[in-house]
1. How many residues, within the stretch 570-594, are among the charged types (D, E, K, R), more than 21 Å from Phe312 (Cα to Cα) and either at pLDDT 90 or above or in contact with a Pro (Cβ under 9 Å, 6 or more places away or on another chain) (or both)?
2. Which members of the stretch 396-427 meet the condition of being under 30 Å from Phe478 (Cβ atoms) and surrounded by 10 or more Cβ atoms within 10 Å (Cβ to Cβ)?
3. For the condition in a helix (DSSP H, G or I) and either under 32 Å from the mean Cα position of the chain (by Cα) or in contact (Cβ under 8 Å) with a residue 24 or more places away in the chain (or both), what is the one hit in Phe138, Phe125?
4. Report the residue count in the stretch 134-146 for those that are of a type in the set (Ser, Thr, Tyr) and buried (at least 20 other Cβ atoms within 10 Å of the Cβ).
5. Given Phe311, Phe351, which one is out of contact with any Leu (no Cβ under 8 Å at 6 or more places or on another chain), buried (at least 22 other Cβ atoms within 10 Å of the Cβ) and closer than 28 Å to Ser472 by Cβ?
6. From (1) more than 21 Å from Trp18 (Cβ to Cβ); (2) touching a Leu at 6+ places or on another chain (Cβ under 9 Å); (3) surrounded by fewer than 19 Cβ atoms within 10 Å (Cβ to Cβ), pick out the condition that doesn't hold for Arg178.
7. Can you name every one of the helices (runs of 4 or more DSSP H) wholly within the stretch 171-216 that holds 2 or more residues which are touching a residue at least 40 places away in the same chain (Cβ under 8 Å), among the aromatic types (Phe, Trp, Tyr) and more than 30 Å from Tyr598 (Cα to Cα)?
8. Filter the stretch 26-66 down to the residues that are of a type in the set (Phe, Trp, Tyr) and buried (at least 16 other Cβ atoms within 10 Å of the Cβ), then identify the one that is farthest from Tyr86 (Cα to Cα).
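The values are calculated or read from the model by the stated rules, or taken from the named source; none is laboratory data. Small disclaimer: the values here were computed from a predicted structure and weren't measured. Methodologically, a virtual Cβ is constructed for each residue, glycine included, from the backbone with ideal geometry; neighbour enumeration extends over all protein chains shown.
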Amino acid sequence: MSLNNDSTSEKILTEISWEVCNQVGGIYTVIRSKAPVMTEEWKDHYCLIGPYVPVNAATDFEPFEDTESIIGRAVHACRAKGFEVYHGRWLVSGRPQTVLFHTHSVMHDLGNIKYYYWKNHHIEFTKYDPLLDETMAFGYMVYHFMSELARECMEAEVDLLAHFHEWMAGLAIPEMRRMQMPVKTIFTTHATLLGRYLAMNDPDFYNHLPFLDWEYEAKHFDIETNVKLERACVHGAHIFTTVSEVTGRECAYLLGRSPDHILPNGLNIERFNVVHEVHNLHHEHKKVLEQFIMSHFFQSYSWDLGKTLYFFTSGRFEYLNKGYDLTLEALARLNWKLKENRVPMTVVMFFITKQPSYSINPDVLNSRAMLDKVAQNCDAIVSQIKEKLFIHAASSMKDHRLPDLNALVDDYWKLRYRRTIQSWKTGKLPSIVTHNIMDDGSDPILNYLRSANLVNNQDDKVKVVYHPDFVSSTNPLFGMEYGEFVRACHLGIFPSYYEPWGYTPLECLARGVSAVTSDLSGFGDYIKNVPLGDEDHGVFVVERANKSFECAAENLANILYNYVVRTSRTRVDMRTKSEDLSEYFDWSNLYAEYKKAYEMAEQSYFVNA
């Protein structure tokens, strides 16, 4: 069982995450996109470990039986204990070897699992929490698997490393430390649990951070058990890492340990051999997006689509953390600046996020359907004109002039054309939201848009489309995948207040789309030290650290205004250069940081307290 790479031939690396074969958040993207590089480096000495979720495993996982390898023997040893364990491959690029644990197989022993955790690590479980119960069961199963795997590795004289992502996957660490298991452990936090709660509720979070009492705050938010579990993982690991310097400072205060190393997040960057292909894809998908724009707005009024830019923001609905509040304020200022300076451009801004809703607004859906009928009528008329024009051209002996095209259209289609357009047009303003949102009156995005009168008036230079659902090809309004939607746009806006890393700007750059980030996000803080991380390469950084909301809003509004008034040629150049910048974040480059963390773990000397 040797590898081509001598540096990994005498080691086994396991990577444990709650999001292996289980898409919940951003860690799924980290694990999945990194898999090809990891399997190339480690071959079958690399194994992912996650929870067994039947609905996901049915499509994303291919099981196999193996009793020969070290990992296969450890799996069978766990099955002998009554655990339901699946061994196979995750059906993503790289097809990494994967072990999945079905937590229900040990739920009957949950009381004992919690009791011994309390006895050995002094953490109480005082309330019912189904998700916490699952993670406790998962940690118990991972602990026993690592114990069996360590035994097999010792017999084969192979070193064992275990890399845990987040506390939900890391609950085996404290017990592994207590038992002095011969496994080198790395623990990565992608965001502190308490930090996310505090940032959502404290507009001056970063200034207050050095003075916070973590235990008091954890009790205040009723997450004391979870935070103590997270701290136990952090202090039990040989090497502690996080994704950015911004989060590292947060860890020092809230978790009581500064990271040993920073592991920035990357992507499996796809580059096109032909330089102009990125521009072709943009125009191709923009045509599809313009179908929605016409259906949504042109029933009320129209403008020149050739002088239109498409901006968007997306992600979880965290109004303050994601910077939606700052984005809205900047858009209102941008609208005024564009009108005041008579800029002949229109901006359409999309808010793509998830909010509870009843359904798509029937008027919005009907308008899209009516535009499709207009298109069908036009196709029928063109087809009829083509057929009759061809016959006229072929049969004409002397008069070779173009005939009156109106005369080639039957009265039926003329009447249907007029009636379809007449029934579609309306005097109402285009809706600012595409769905019927539950508790519409308390939605902060809608409340701001209404109070600022940014409601798609005809003279507004900034139009808004609030789409409280994720974009997919089955969506009747857009009819495109999220990646295609991103490519259709010109600029992504993500001025986050709290964002440990932030994948969305990087996903934009990888698709040739410029992006706005903030210096309070991990990505924004990191990009400042990247040689190509400048505006010419499509990345704009809003200064929010130690800045007032007013100052940051004006900064962002100026960034947006300056982007709008740039020449088309300049924006085309930025599209090409942003792809160049994204290559810096390809996993083939960033894996080197993971390799350093693994080497640090191997060299670490760990004394159990």
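1. 2
2. At the first step, the residues of the stretch 396-427 found to be under 30 Å from Phe478 (Cβ atoms) are 413, 416-427.
Scanning the stretch 396-427 gives Trp413, Arg416, Tyr417, Arg418, Arg419, Thr420, Ile421, Ser423, Trp424, Lys425, Thr426.
3. On the way: Phe125 fails: in a helix (DSSP H, G or I).
Result: Phe138 is the single residue among Phe138, Phe125 that is in a helix (DSSP H, G or I) and either under 32 Å from the mean Cα position of the chain (by Cα) or in contact (Cβ under 8 Å) with a residue 24 or more places away in the chain (or both).
4. Start the filter on the stretch 134-146 by keeping residues that are of a type in the set (Ser, Thr, Tyr), which leaves 135, 140, 143.
Next, only the ones that are buried (at least 20 other Cβ atoms within 10 Å of the Cβ) stay: 135, 140.
The qualifying residues number 2.
5. Details: Phe311 fails: out of contact with any Leu (no Cβ under 8 Å at 6 or more places or on another chain).
Among Phe311, Phe351, only Phe351 is out of contact with any Leu (no Cβ under 8 Å at 6 or more places or on another chain), buried (at least 22 other Cβ atoms within 10 Å of the Cβ) and closer than 28 Å to Ser472 by Cβ.
6. With (1) more than 21 Å from Trp18 (Cβ to Cβ); (2) touching a Leu at 6+ places or on another chain (Cβ under 9 Å); (3) surrounded by fewer than 19 Cβ atoms within 10 Å (Cβ to Cβ) applied to Arg178, the lone miss is (2).
7. Values: elements: 173-178, 193-201, 205-208.
Here the list reads 205-208.
8. Residues of the stretch 26-66 of a type in the set (Phe, Trp, Tyr): 28, 42, 46, 52, 61, 64.
After this cut, where a residue has to be buried (at least 16 other Cβ atoms within 10 Å of the Cβ) as well, the list is 28, 42, 46, 52, 61.
On the way: Tyr28: 19, Trp42: 21, Tyr46: 16, Tyr52: 8, Phe61: 9 Å.
Among those residues, the one meeting the criterion is Trp42.
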